[in-house]
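Values in this text are rule-based calculations from the coordinates and carry no lab data. This structure is a prediction, so every number in the text was calculated from the model and none was measured. Cβ: placed from backbone, ideal geometry, glycine included. Neighbour counts: every protein chain shown.
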Amino acid sequence: MKIYSLLSNGLYKIISVICILVSFEMSGCYSFTGGSLPDHLKTLYIANVVDNSGYGVPQYRENMSRLLFEKFRNDNSLKIVESSADCRLTVTISSIRESVANIRPGEIESRRKISVVYDVEFYDNVKKKLIPLSPSNFRNEEEYDLAQMQTGRDNAVNKISDRTALEILMAVVSGW
């Protein structure tokens, strides 16, 4: 019985060490890619985000452009270039809408919900064809406190943009 106990404790320690080493190794090479991009796609041009929402806050499109650039650069699946790229990513803000967030009769409105819809095109410049993404439009929403006014709204849109930029990255680099 003592030998079995010693072996099981020793085996447990060995397995624990192996698991820890494997997790450290995997954390250094983690990528969001589910599959690999086609071999002919090595460079990417990211067009400046266009805002067709009519909302009129240029900071939202500028922030989304910056986030897309950062996410793709950090992922390193495609090299970001200024011209003559193998593929092109075009993102348009098509809608920004605000609505009341969960209010009961007799209550004063204290929170709002803002939702943003981004239309995305991913174009293969080598094969001269549109690459379908799933989905082709990305919708996210966030609530904010009305007491924070414009700052709360801006922070909510920034959270939406960050989440959506990551979703776009994943849609582009995975599923091949």
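Table for the structure above
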{"read-out": "Only Lys, Arg (+1) and Asp, Glu (-1) charged, at Cβ; region 34-173 dipole about Cα centre in debye", "value": "260 debye"}
{"read-out": "For L133, L41, L146, order by how many other beta-carbon atoms lie within 10 Å, fewest first", "value": "L146, L133, L41"}
{"read-out": "GluC sites (Glu not before Pro) within region 47-149: DSSP coil, no more than 11 neighbouring Cβ in 10 Å", "value": "E82, E107, E109"}
{"read-out": "Across K79/K113; K71/K128; K42/K71; K42/K113, pairs whose alpha-carbon gap is larger than 27 Å", "value": "K79/K113; K42/K113"}
{"read-out": "Distant-in-sequence amide H partners of S95 (H built 1.01 Å from N, under 5 Å)", "value": "V117"}
{"read-out": "Residue exposure sequence - M170, M149 - by fewest surrounding Cβ within 10 Å", "value": "M149, M170"}
{"read-out": "With 5 Å bins from 0: P(r) over region 110-152, alpha-carbon pairs, percent", "value": "6, 19, 17, 12, 12, 10, 8, 8, 6, 3, 0"}
{"read-out": "Histogram of C-alpha separations across region 103-176, 5 Å bin width, %", "value": "3, 14, 19, 16, 13, 11, 8, 7, 4, 2, 1, 0"}
{"read-out": "Whole-Å semi-axes of region 27-176's equivalent ellipsoid (Cα gyration tensor)", "value": "33, 15, 13"}
{"read-out": "Tensor-based shape of region 135-176 (alpha-carbon gyration tensor, a/c under 1.5 rounded, otherwise prolate or oblate)", "value": "prolate"}
{"read-out": "Potential lengthening between E82 and S134 on full extension [0.36 nm per residue; Cα-Cα distance subtracted]", "value": "16.2 nm"}
{"read-out": "Label point at S115 placed 7 Å out along Cα→Cβ; residues across region 49-75 whose backbone nitrogen lies under 13 Å", "value": "none"}
{"read-out": "Residue order, fewest to most beta carbons within 10 Å, for R88, R104", "value": "R104, R88"}
